[in-house]
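Trainee: Have a look at this one before I ask anything.
The values are calculated or read from the model by the stated rules, or taken from the named source; none is laboratory data. Since we're looking at a predicted model, the values are computed, not measured. Note that each Cβ is placed from the backbone with ideal geometry, even for glycine, and that neighbours are counted across all protein chains shown.
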Amino acid sequence: MSQIRPMAIINAACVITGDGVTSLERASVLLAEGRIEAVVQTERPSLSEDYALIDAAGCTVLPGLINAHAHGCVCGPTMPSGSASFDRQEIDYQKNRHLLSGTTTLLNVCGLALAEDVDDIAQHPHPLDIHISTAHTPASLAAAQAADGSGLSPRHLAARIDHLLEAGAKALGEAGGGQTLGGGAQDYRFLPEAIEKASGLVVHPNLARKLKEAALGRRLEANTNPDGATLSSLLKENGLEGHFAIESITSLVRKTVMTSVALARQGLAEIAAEAARTGMPAIFHNAPPTAAQLIELAGRFPRARMVAGHSNHPSFTRAEAVETAAALRTLGVGIDVSTLDCIATRWRNGPDNLDCLIDAGLVDTISTDFGGGDWDMILEAIHRMICRKLLTPAAAIAKATGNVARIFPELAGDRGMIESGKRADIVISQSHNLARVRHVICRGRVVVKNGSIVVAPRPETDR
């Protein structure tokens, strides 16, 4: 299977096309020159011997997944905080995880990397098709520097959205982020680091989140009075009482979290205006601190193609998640949910908000986000939706394929569907559990065979 001919046939399989409705019980998919040539509903069409056979009996054929909200897969500044680049081993690990779990196209939305920060294909060949977004506005860059900024060079600080779009960026954002808007990255990185520096103690991210919300409230409003009783209990129950008083832990949390928040909120408005001006899709950090602002921006910029990222954010209550998503949907905003670590890992987060948004019919797309590197597979979330009978397999798969291509045509307009003429990005999974990926095909080449990456380096002209 690793020696790919220009033409191939995926034979005798269930085919889910990606349109949200169509599931063919038994069909064959013909591939030619990196494209889907045809979908044939016959047991075995009569073809010339030039077609290589890919036997998918007992499996289900899906479009390659399109992940439009991920991090950690390019060099250059990481996250909206402009932090230092991940090392090469971490980048390779994240890229391999995505490919092996069925993702063939990925949008890295750290937002402050440059086109040249994406891997050079000749030096670091990889079949995963990776693109970047841009959040290069003055306030977004200032927020990154306030939160961290250690990965920002003068070139990154001087860049602007038009420069990045000319260089091939496929979307705007992520506007805001867990580092600059007091989200998950404050819980798993910045706050634990600050607490350890001040006390020598290592705290779990869930404790950091509870301390943050007790000190600042879930909406991170500047005039919020700290919940002294809750802070006192948290300090006493977790061995922090001898290191912090209510006043000192409140001051530490406020300094760590709030330094960048006002700038990040200003950056949201800048990116909404840029989205209306450029006509490009824009991804926004959706959580209690930003929900009201996103609703206001969607009303102010009706021409902006806004996508509310991780609308199942764990800081929402279930009712808030549904109410916010419904209000944004009414204004034409796309609703994305992210797996984070809430499906199988569940180290910091659980699936309740995702379940309730799916059940309410409010989800357009699904992505991974990053979750501190602990993100769960998109197909694991899809398997959960199917098993719980929240969605049909066809409807669930569309949220990671055809729907994403429709909302992000600049990124994936030529893929995301199994139909004639589309790019031959395909996943072959076990039918009883779609998260068990057997084979992955990118541009008509088998790049994952029986769960192992097998592709040889591809020429740069193939991109």
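Trainee: Scan the range 267-301 for residues that are touching a helix residue (DSSP H, G or I) at 6+ places or on another chain (Cβ under 8 Å) and assigned to a loop (DSSP other than H, G, I, E, B) and jot them down.
Mentor: Met280, Asn286, Pro288, Pro289, Thr290, Phe301 - these are the residues of the range 267-301 that are touching a helix residue (DSSP H, G or I) at 6+ places or on another chain (Cβ under 8 Å) and assigned to a loop (DSSP other than H, G, I, E, B).
Trainee: Assess whether Leu157 counts as being part of a helix (DSSP H, G or I), without any contact (Cβ under 8 Å) to a residue 24 or more places away in the chain and assigned by TED's automatic domain parsing to the domain that holds Val337.
Mentor: Against the criterion (part of a helix (DSSP H, G or I), without any contact (Cβ under 8 Å) to a residue 24 or more places away in the chain and assigned by TED's automatic domain parsing to the domain that holds Val337), Leu157 qualifies.
Trainee: From the set of residues in the range 382-415 that are hydrophobic (A, V, I, L, M, F, W, C) and free of Cβ contacts under 8 Å to residues at least 40 places away in the same chain, which is surrounded by the fewest Cβ atoms within 10 Å (Cβ to Cβ)?
Mentor: Checking each candidate, the answer is Cys387.
Trainee: Hey, among Leu65, Leu53, Leu47, Leu112, which residue is touching a strand residue (DSSP E or B) at 6+ places or on another chain (Cβ under 7 Å) and modelled with pLDDT of 90 or more?
Mentor: Leu65
Trainee: For the structure I just gave you, tell me whether Val446 is buried (at least 24 other Cβ atoms within 10 Å of the Cβ) and of a type outside the set (Gly, Ala, Ser).
Mentor: Spelling it out, it is not the case that Val446 is buried (at least 24 other Cβ atoms within 10 Å of the Cβ) and of a type outside the set (Gly, Ala, Ser).
Trainee: For Ala194, only one of the following conditions fails: (1) exposed (fewer than 15 other Cβ atoms within 10 Å of the Cβ); (2) touching a helix residue (DSSP H, G or I) at 6+ places or on another chain (Cβ under 6 Å). What is its number?
Mentor: Among (1) exposed (fewer than 15 other Cβ atoms within 10 Å of the Cβ); (2) touching a helix residue (DSSP H, G or I) at 6+ places or on another chain (Cβ under 6 Å), Ala194 violates only (1).
Trainee: Testing Ala292 on (1) under 23 Å from Arg209 (Cβ atoms); (2) touching a strand residue (DSSP E or B) at 6+ places or on another chain (Cβ under 9 Å); (3) not polar (S, T, N, Q), one condition comes back false. Which one is that?
Mentor: (2)
Trainee: Return yes when Gly183 is under 24 Å from the mean Cα position of the chain (by Cα), within 17 Å of Thr256 (Cα to Cα) and touching a residue at least 60 places away in the same chain (Cβ under 8 Å) and no when it is not.
Mentor: yes
Trainee: Further, regarding this structure: Need the failing condition index for Ala222 against (1) surrounded by fewer than 16 Cβ atoms within 10 Å (Cβ to Cβ); (2) at pLDDT 95 or above; (3) small (Gly, Ala, Ser), just the number.
Mentor: (2)
Trainee: Residues that are among the acidic types (Asp, Glu): find the strands (runs of 3 or more DSSP E) completely inside the range 9-68 holding 1 or more of those.
Mentor: It comes to 23-32, 35-40, 52-55.
Trainee: Restricting attention to the range 199-220, report how many residues are free of Cβ contacts under 8 Å to residues at least 60 places away in the same chain and under 33 Å from the mean Cα position of the chain (by Cα).
Mentor: Residues meeting the conditions: 13.
Trainee: Filter the range 75-132 for residues that are in contact (Cβ under 8 Å) with a residue 12 or more places away in the chain and hydroxyl-bearing (Ser, Thr, Tyr) and give the result.
Mentor: Scanning the range 75-132 gives Thr78, Ser81, Ser83, Ser85, Ser101, Thr103, Thr104, Thr105.
Trainee: Quick check, is Leu379 over 12 Å from the mean Cα position of the chain (by Cα), in contact (Cβ under 8 Å) with a residue 12 or more places away in the chain and buried (at least 24 other Cβ atoms within 10 Å of the Cβ)?
Mentor: Yes, satisfied.
Trainee: For the range 314-349, enumerate the residues that are in contact (Cβ under 8 Å) with a residue 24 or more places away in the chain, among the β-branched types (Val, Ile, Thr), surrounded by fewer than 22 Cβ atoms within 10 Å (Cβ to Cβ) and assigned to a helix (DSSP H, G or I).
Mentor: Within the range 314-349, just Val322 meets the criteria.
Trainee: Now a separate question. Quickly run through the range 79-108 and pick out the residues that are closer than 22 Å to Gln179 by Cβ, touching a strand residue (DSSP E or B) at 6+ places or on another chain (Cβ under 9 Å) and not in a helix (DSSP H, G or I).
Mentor: Met79, Pro80, Ala84, Ser85, Phe86, Leu106, Leu107, Asn108, listed by residue number.
Trainee: Looking at Gly151, Gly239 in this structure, which one is outside any helix (DSSP H, G or I) and in the same structural domain as Pro77 (by TED's automatic domain parsing)?
Mentor: The match here is Gly151.
Trainee: In the range 376-398, how many residues are in contact with an Asp or Glu (Cβ under 7 Å, 6 or more places away or on another chain) and within 27 Å of Arg423 (Cα to Cα)?
Mentor: Selection size over the range 376-398: 2.
Trainee: Looking at the range 271-291 only, could you name the residues that are farther than 16 Å from Ala139 by Cα, surrounded by fewer than 20 Cβ atoms within 10 Å (Cβ to Cβ) and in contact (Cβ under 8 Å) with a residue 24 or more places away in the chain?
Mentor: Ala276, Thr278, Gly279, listed by residue number.
Trainee: Out of all the residues in the range 357-366, which are touching a residue at least 40 places away in the same chain (Cβ under 8 Å) and either of a type in the set (Val, Ile, Thr) or out of contact with any strand residue (DSSP E or B) (no Cβ under 7 Å at 6 or more places or on another chain) (or both)?
Mentor: Val363, Thr365
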